[in-house]
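Reviewing the structure listed below.
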Amino acid sequence: MTLIKSISGIRGTIGGKAGDNLTPQDVVECTAAFGYWLLENGAPPKAVVGRDGRISGPMVSQLVISTLIGLGIDVVDLGPSTTPTVEMAVPEERAGAGIIITASHNPENWNALKFLNHKGEFISQADGEALLRLLDEGNIDYAPVEKLGNYRIAGGYIEHHIQKILELPYVNADAVRKQGYKVVVDCINSTGAIAMPPLLEALGCEAVLLNGEPNGRFAHNPEPLPQHLEELCKVARQEKATLGVAVDPDVDRLALVCEDGQLFGEEYTLVAVADYILRQKPGNTVSNLSSTRALRDVTRSHGGQYFASAVGEVNVVEKMKEVNAVIGGEGNGGVIVPGLHYGRDALAGLAIFLTYLAESGQSASTLRRSYPDYYMVKDKAALRPEIDVNYLLEQLEERFRDEDYNTIDGLKIDFEQGWVHLRKSNTEPIIRIYSESDSPESAQRLADEMKMAMQEILGMEV
């Protein structure tokens, strides 16, 4: 059982002892620190709250809402929603902040609080550090009874979100409607089941839902990785669908399956969307260090410049603003479209991808074959208490000092045949080990060689 407090928010497993797991006490303490941070910064005393479909969602939401009200902060409750929807609602409501109750790709016994600023964007590292200091100090003043916050339920934001997507210059709803596409969607028993159907209906698509009851009892591991999408691949092929779609529980990641039941590749969701947008509006792109080289290749083919950021949506967004990127995101299926909002958005990604298919007349498999083939291995090692991550990375840097390497986020080493990126996860007690090369065997070999090097340095199996 686990509790992780970081600049990204608080995340943990439900139940157990306070301070060791995500208990009601921990939820209240962390919400109070965030609410107090909001008030100290002079932001409007108003917060938008939304949650994914997890079993623990209603309980955690009630704790969060009551704590904010107790601080004198007005609450706009979206109820079951998506992360990108909440992000868009914060500025619409002129709120000072937002809280999304979701543990993203983690299993159903996890939950988390993700914190947004007044722009509906994840709080910065500096703000996260200030929040953690408030949490450690625990010196929170609550409001007197006459100054308690107000509470309002706000419906219709998913519909508003979809309408804004349809208004994007990169979405041609009429072209998609003329195709009459059939799309199979794995909703993973969460809020994708309430957001994806109205989007597909607006685009004139026939939706076939898998795991479409948003009860939080995930039918399989909710991270949209190949080993978890076998049913989706099978059904997409059986239904003779145009496309298969998988989202994570809070609907900010998008994985696609071709009409032949083959995976499009989660890393290539952003590549395809960027390819289409760059055809309409040439410019720069951004993804994080753990994302495929294919985005760099596609960007350069359109005359743009590619930039890499540290891992984490807030870092990608910061770099996108810095270089005025026309599209960006993360290789985990996260698409960020400036002009809509600065957050990963599976709904927007799907609408743009379907537009690309409709306007080009291509199938998903044909489109995928037009991109360079890179193969990625996403491995990990348990982060035991006795492992000093900083020492490990320093030793690896020394060992590979003659290679091209980058230390802005863990350690990324570029070899002639590919790259390896090692970094401590912000969301789980693990070290992530990502590698990419021009063949699956080569990518796996790079990851295995790095794990062997880690074992030699640590003197233990990883």
Checked the range 295-318 for anything more than 25 Å from residue 125 (Cβ to Cβ) and at pLDDT below 95; matches are 296, 297
Looking only at the range 202-212, decide whether some residue is among the polar types (S, T, N, Q) and within 20 Å of residue 80 (Cα to Cα).
-> yes
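Go through the range 201-226 and count every residue that is of a type in the set (A, V, I, L, M) and touching a residue at least 60 places away in the same chain (Cβ under 8 Å).
The number of residues fulfilling the criteria is 2.
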Residue pairs within 9 Å by beta carbon, gap of at least six or interchain, first lying in the range 77-96 and in contact (Cβ under 8 Å) with a residue 40 or more places away in the chain and farther than 13 Å from residue 122 by Cα, second surrounded by fewer than 24 Cβ atoms within 10 Å (Cβ to Cβ) and aromatic (Phe, Trp, Tyr), listed first then second, are 77/151; 78/157; 81/157; 85/157; 89/157; 92/157
Failed criterion for residue 290 (all others in (1) at pLDDT below 95; (2) crowded, with 20+ Cβ neighbours inside 10 Å; (3) among the small types (Gly, Ala, Ser); (4) in contact with a Leu (Cβ under 7 Å, 6 or more places away or on another chain) hold) = (4)
Inside the range 1-87, counting only strands (runs of 3 or more DSSP E) that do not spill past its ends, which hold 3 or more residues that are over 18 Å from the mean Cα position of the chain (by Cα) and within 23 Å of residue 142 (Cα to Cα)?
-> 46-51, 74-80
Pairs under 8 Å by beta carbon, first residue assigned by TED's automatic domain parsing to the domain that holds residue 236 in the range 163-184, partner of a type in the set (S, T, N, Q) and surrounded by fewer than 17 Cβ atoms within 10 Å (Cβ to Cβ), six or more apart or different chains?
-> 169/280; 170/280
Per the filter on the range 88-111, residues within 13 Å of the chain's Cα centre (by Cα) and either surrounded by 24 or more Cβ atoms within 10 Å (Cβ to Cβ) or not assigned by TED's automatic domain parsing to the domain that holds residue 30 (or both) are 100, 102, 103
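The values are calculated or read from the model by the stated rules, or taken from the named source; none is laboratory data. In this text, all values refer to a predicted model and were calculated from it rather than measured experimentally. With ideal geometry, Cβ positions are generated from the backbone for all residues, glycine too; neighbour counts draw on all protein chains shown.
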